[in-house]
Amino acid sequence: MELDPKTVPWRERYRIMTGSIVPRPIGWVSSMSAAGVYNIAPFSFFNAACAAPPLVTFAPMRDSDTGNKKDTLQNVEATGEFVINIVTEPLLEAMDRTGEDFAPEIDEFAAVGLTPVASTIVKPPRIAEAPIHFECRLVQVLHFGDGAPGSGSLVIGEIVHVHVDDEILEGGRVLAERFHPVARMGGPNYARPDVIAYERKF
Ligand SMILES: Cc1cc2nc3c(=O)[nH]c(=O)nc-3n(C[C@H](O)[C@H](O)[C@H](O)COP(=O)(O)O)c2cc1C
């Protein structure tokens, strides 16, 4: 199959991209609105970007029906702060539910039964049930497209504080086999990426 992306609707491009670019890590973002309402949402357009300074990125697309900015992006632009929580297999269902479209005035911790715990530096709380948290300050937001559904933004944040459960650490390394990470595949599927396919020999 050959495809000129300009000739197909954005949803079709999205399906080919998200079916092919797998497995994707999940940044489970907790944020707070200017009015102080807690919010949680997962983003699989998420990754590490730099170590000095320590940067992460995630990409909230516009709402696929209305073209509105998602609550997470509005919160991050309003407050300049967010927390990346790392998802584990026992948290899959709760994480998936935070991908639903809740109204901005709904506290998503309360809505899905997760526990907010105070962050050390930033105002948005961490998700207590997650074993790893990166407290982040906004560095930059880049906007792409014309703001219609299908377009989106790239949020770049600097990690200003790290929390890792001691149980999953050994000699300064985070051991995936102890925290059971999950990753997003195409469509509704999630994968277990802690199966080692090959060990590098150099
Ligand atoms: C596992 C998972 C990954 C997701 N990744 C993204 C993503 O990378 N970008 C995006 O715009 N939406 C993504 N979504 C959808 C958002 O989480 C969803 O639109 C959510 O309601 C946004 O919440 P908010 O309005 O509170 O920010 C994902 C959903 C799930 C369940």
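The values are calculated or read from the model by the stated rules, or taken from the named source; none is laboratory data. Worth saying up front: this structure is predicted, and the values here are computed from it rather than measured. FYI the Cβ positions are ideal-geometry reconstructions off the backbone, even for glycines, and counts take in every protein chain you see.
Taking segment 39-50 as the range and being of a type outside the set (A, V, I, L, M), within 10 Å of the ligand (Cβ to nearest atom) and not in a loop (DSSP other than H, G, I, E, B) as the test, the residues that pass are N39, P42, F43, F46. Annotation note: of E81, E108, E100, E135, the sole residue that is closer than 25 Å to P193 by Cα, among the acidic types (D, E) and either touching a Pro at 6+ places or on another chain (Cβ under 7 Å) or touching a residue at least 40 places away in the same chain (Cβ under 8 Å) (or both) is E135.
Is it true that some residue in segment 65-77 is closer than 22 Å to A191 by Cβ and either of a type in the set (F, W, Y) or in contact (Cβ under 8 Å) with a residue 40 or more places away in the chain (or both)? Checked against the condition, which is being closer than 22 Å to A191 by Cβ and either of a type in the set (F, W, Y) or in contact (Cβ under 8 Å) with a residue 40 or more places away in the chain (or both), segment 65-77 yields no hits at all. Considered as a group, the residues in segment 165-187 that are assigned to a loop (DSSP other than H, G, I, E, B) and over 23 Å from I21 (Cα atoms) include one that is modelled with the highest pLDDT, and that residue is D165.
Hey, can you tell me all the residues within segment 5-52 that are of a type in the set (F, W, Y) and under 24 Å from N189 (Cα atoms)? Within segment 5-52, W10, Y14, W28, F43, F45, F46 meet the criteria.
Looking only at segment 77-117, how many residues end up being within 20 Å of G150 (Cα to Cα) and either of a type in the set (V, I, T) or crowded, with 19+ Cβ neighbours inside 10 Å (or both)? Number satisfying all stated conditions: 0.
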